[in-house]
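**Q** Please see the structure below; I have some questions.
Readers should treat all values here as calculations from the given coordinates under stated rules, not as data from a laboratory. All values reported here derive from a predicted model rather than from experimental measurement. Backbone-built Cβ (ideal geometry, glycine too); neighbour counts: all protein chains shown.
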Amino acid sequence: MVVPDAQLASLVIQAGFTNQAGIDTVSQYAAGAHVSLASAILEKGVATDEQLGSLIATFLKLPFVQLSKISIPPDVFHIIPEKVARIHHAVAFARDTDGVKVASSNPQDQALFAMVEKKTSRRVIIYYATQRDIESTLQVYKTLLQNTIDELLKEDVSKAATTVVLEDPPVAKIVDVLIDNAYQDKASDIHIEPEESQSLIRFRIDGVLRDVSRVPKSLHDRIVTRIKVLSSLRTDEHLSAQDGKMRMALTEENLDIRVSIIPVSDGEKVVLRLLSSRSRQFTLTDLGMNERDLQKVTNAFNKSYGMMLSTGPTGCGKTTTIYAILKILNTREKNITTIEEPVEYRIAGANQVQVNPKTNLTFASGLRSILRQDPNIIFVGEIRDNDSAFHASHQ
């Protein structure tokens, strides 16, 4: 962190965002959740990303820029290669007679600035931008998925219809590219659907399924087998549904993925649910609520009793919204218990129960037990039956 936690706490108090008691609570949460004080301030809603960024920039005596609000010329943007930009958290966003303007969340990164100066033969003008803003802006680097897959297929077309060789291109690379592009697009799910003559790839983004690519039908079974191997599922089973999980090492994080495979008329359909840690970092203000709706939600979860329902289609952000609320409510004075299937994200300090039908630990039976655990707040992952609805509404 470019600003020490003690200094940041003092700046936030001086700016009037909270008092000493408030920052102490946030610091306690940061320590328990193993996150930075800056992240905790955002998660608890003490300040917005823009407010905190402006505050830090002023302290560093640097100009502040919000990249999300400006248009960056492509030739300027690509002054810093994608891999370098992701590692150094920096973006070149403008160029004029004064020099090249570079936004960075680490303004002390002299090696990067020297590289840009050498490459452009111009001086670098440093701006401060928040890490979240930079990470969001880096999506511009993403190329069209279909073009990428077509290039991979050209590398080894001869192998497309041969016996499955798990580690050979293009199958391994295609799976990696699909997951990486879905992650960069902030998709919640990847659908790989066999059709009569080809395989359709769709991403669920903001709750809506979107066609993103197609691959030859001859590659479909190999892609499915690759996913089965990565998620430790049976590769010789094609007529039954299978569920598993896998982990992919991306540049940004180790991504956990939930895998579901079912037989359909033209083969096996795969759905991958991406469980990104980015969802844990979202605050309510990050989720796009207007001021009126945000105030309604805030008033609701600040009440001493009652129930909130988060509803909507798959991938629309129900769980992310609830987790954002729980992070605000999660203090040492409260006993928070959840019952979920599965437990998608760990919440430090909360008691999270995993549904297990094999031991008769269902939502209904688990909820009955939780009510005997002296809870302050309960999160029920799904209300599937009358029994669960009754116990949830009568806590």
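**Q** Give, as a single signed number, the net charge of other residues whose beta carbon lies under 11 Å from the beta carbon of Ile23, with Lys and Arg counted +1 and Asp and Glu -1. Walk me through the numbers before you get to the answer.
**A** Details: positive: Lys44; negative: Asp5, Asp24.
So the environment of Ile23 carries a net charge of -1.
**Q** Give, in nm to one decimal, the length gained when the segment between Ile205 and Glu253 is fully stretched (0.36 nm per residue of separation minus the Cα-Cα distance).
**A** 15.3 nm
**Q** A further question follows. What is the set of long-range amide H partners of Leu371 at a cut-off below 5 Å, with H atoms built 1.01 Å from backbone N?
**A** none
**Q** May I ask for the net charge around Glu195, where only other residues with Cβ less than 9 Å from the Cβ of Glu195 are counted and Lys, Arg are +1 while Asp, Glu are -1?
**A** Surrounding charge for Glu195 is -1.
**Q** Give the peptides 241-254, 224-237 in descending order of average Cβ contacts within 10 Å, highest first.
**A** Going by the mean number of other Cβ atoms within 10 Å, highest first, we get 224-237, 241-254.
**Q** Among Phe379, Ala350, Gln51, whose Cα sits farthest toward the positive end of the charge dipole of the chain (+1 at Cβ of Lys/Arg, -1 at Cβ of Asp/Glu, about the Cα centre)?
**A** Gln51
**Q** Does region 279-393 come out rounded, prolate or oblate, given a ≥ b ≥ c as the square roots of the eigenvalues of its C-alpha gyration tensor, rounded meaning a/c under 1.5 and, failing that, prolate meaning a/b above b/c?
**A** Because a/c hits 1.5 or more and a/b exceeds b/c, region 279-393 counts as prolate.
**Q** Compare the peptides 267-275, 330-338 by average per-residue count of other Cβ atoms within 10 angstrom and give them in order, highest first.
**A** 267-275, 330-338
**Q** Counting alpha carbon pairs within less than 8 Å and at least 6 residues apart, what relative contact order, in whole percent, applies to region 63-141?
**A** RCO, region 63-141: 36 percent.
**Q** A further question on this structure: Using a simple charge model, +1 on the beta-carbon of Lys and Arg, -1 on the beta-carbon of Asp and Glu, nothing else, what dipole does region 63-141 show about its Cα centre, in debye to the nearest 20?
**A** 80 debye
**Q** Still on this structure, I have one more. Using +1 on the beta carbon of Lys and Arg, -1 on that of Asp and Glu, and nothing else charged, what's the dipole of the chain about the Cα centre, debye to 20?
**A** Using only the charged Cβ atoms, the result is roughly 620 debye.
**Q** Residues with beta-carbon under 12 Å from that of Val264, excluding Val264: net charge, scoring Lys, Arg +1 and Asp, Glu -1? Kindly include the intermediate steps, with their values, before the conclusion.
**A** Working: positive: Lys269; negative: Glu193, Glu195, Glu196, Asp266, Glu268.
Neighbourhood net charge equals -4.
**Q** What is the chain's relative contact order, in percent, from Cα pairs under 8 angstrom and six or more apart in sequence? Don't skip to the answer; put the middle values down first.
**A** Details: 571 pairs, mean separation 42.1, N = 395.
Relative contact order of the chain: 11 percent.
**Q** Here's a follow-up. I'd like the distance between the alpha-carbon centres of region 72-87 and region 310-324, rounded to an integer number of Å.
**A** Cα centroid to Cα centroid, the span is 33 Å.
**Q** Taking amide hydrogens as modeled 1.01 Å from N in the peptide plane, which residues meet the under 5 Å criterion relative to Ala94, leaving out close sequence neighbours?
**A** It is Lys101, by chain and number.
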